[in-house]
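The structure appears right after this line, and notes come after that.
The values are calculated or read from the model by the stated rules, or taken from the named source; none is laboratory data. Note that this is a predicted model, so its numbers are computed, not measured. Neighbour counts are summed over all protein chains in view; Cβ atoms, including those assigned to glycine, are modelled from backbone coordinates with ideal geometry.
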Amino acid sequence: MEIGKASTDLQTSIATEDLRLMRQAAAGLAGIDVLRDRLSSLESYAYTRSFGTAYREALDLIASGGRQVRDAIDTGDAKGIEAGNVTLGRGLAAYTALRPRLSELVKAAMEQQRLLTQ
């Protein structure tokens with residue numbers, strides 16, 4: 001699931017009150033738990049530990065909010081949809097703020113790999 005596309009779909013679904021699209025986007029975001037398994041290596045190094053922790057927190061909020069929206073739509077719980085969207089919004093804002101640092105870390109890792117394989 002591409003987080004950016006799901007976020008856009010979620011915003012569109014809220015603006016158009018399209019519950020089918022909202023559920024689809026929320027279900028996709030609920031499934032990002034798989035990314036969490038890859039964070040232990042980031043959290044194990046001092047240089048990337050704080051980023052890994054913040055990234056995990058953002059992903060946890062996104063996944064939790066996605067599950068809450070998806071489940072609330074399935075049960076017709078309007079307050080749950082609203083609460084889940086608030087949680088999703090917090091997680092997506094945190095994720096967006098972390099994206100530049102993630103790009104920096106990827107570039108640094110690629111440069112280190114290049115230097116090690118010369």
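When you scan region 26-118 for helices (runs of 4 or more DSSP H) that lie fully inside it, which ones turn up with 1 or more residues that are modelled with pLDDT of 95 or more and surrounded by 15 or more Cβ atoms within 10 Å (Cβ to Cβ)? I'd like the intermediate steps shown before the answer.
On the way: elements: 33-36, 40-43, 46-75, 78-116.
In region 26-118, 46-75, 78-116 are the helices (runs of 4 or more DSSP H) which contain 1 or more residues that are modelled with pLDDT of 95 or more and surrounded by 15 or more Cβ atoms within 10 Å (Cβ to Cβ).
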For region 107-118, pairs from a residue that is closer than 15 Å to residue 48 by Cβ to a residue that is modelled with pLDDT under 75 and of a type in the set (S, T, N, Q), with Cβ under 6 Å and 6 or more apart or across chains, are none
